[in-house]
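Okay, so here's the structure we're looking at.
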Amino acid sequence: MTDKIRDAFNEKVAEPAKKAGEALRDAGGKMAESGSAVGIKMLDQAEANAREAFAAMRAAAGAKDLSEVMKIQGDFLRDQGQRSMSQAREMGEVILQFGREAVGAVRGEK
């Protein structure tokens with residue numbers, strides 16, 4: 001009788017709990033990997049934005065008159081707006097993929 005109870009306990013409680021723990025551990029690993037990827041992507045984007053800002057400042061510093069400065073600034077702002085939209089889209093995709101992987105790991109999908 002004791003063996004049956006132990007086997008039933010293992011089958012109904014211990015094994016599912018062990019599998020759930022493994023799935024959560026895998027999900028945690030995926031979350032850590034994805035968190036690093038998100039951080040690196042953000043740094044890459046910040047670096048690109050800074051590089052473009054300095055290029056615009058250099059161009060403005062070499063401008064011959066105020067109208068050229070205004071054109072450079074307008075071009076920079078337009079390009080930065082497009083860059084920001086693109087970067088937001090990229091980050092959204094990275095975060096969606098991160099969510100899919102985390103949920104998949106919890107479900108036991110590899």
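Taking D26, is it open to solvent by less than 60 Å² (accessible area, probe 1.4 Å) and modelled with pLDDT under 95? Before the answer, list the steps.
Details: open to solvent by less than 60 Å² (accessible area, probe 1.4 Å): yes; modelled with pLDDT under 95: yes.
Yes; evaluated as a whole, the condition is true for this residue.
Does Q97 satisfy being within 30 Å of E22 (Cα to Cα) and outside the structural domain of E22 (by the TED database)?
Working: within 30 Å of E22 (Cα to Cα): yes; outside the structural domain of E22 (by the TED database): yes.
So Q97 passes the test.
Could you pull out the residue among K64, K71 that is farther than 20 Å from S86 by Cα and not in a helix (DSSP H, G or I)?
Details: K71 fails: not in a helix (DSSP H, G or I).
Result: K64 is the single residue among K64, K71 that is farther than 20 Å from S86 by Cα and not in a helix (DSSP H, G or I).
Sort through E90, E101 and tell me the only one that's touching a residue at least 60 places away in the same chain (Cβ under 8 Å), within 30 Å of R25 (Cβ to Cβ) and surrounded by 12 or more Cβ atoms within 10 Å (Cβ to Cβ).
Values: E90 fails: touching a residue at least 60 places away in the same chain (Cβ under 8 Å).
Going through E90, E101 in turn, just one is touching a residue at least 60 places away in the same chain (Cβ under 8 Å), within 30 Å of R25 (Cβ to Cβ) and surrounded by 12 or more Cβ atoms within 10 Å (Cβ to Cβ): E101.
The values are calculated or read from the model by the stated rules, or taken from the named source; none is laboratory data. All of these numbers come straight from a predicted model, not from anything done at the bench. Backbone-built Cβ (ideal geometry, glycine too); neighbour counts: all protein chains shown. The area values use the complete protein model at the heavy-atom level, side chains included, leaving out ligands, DNA and RNA. Shrake-Rupley method; radii C 1.70, N 1.55, O 1.52, S 1.80 Å.
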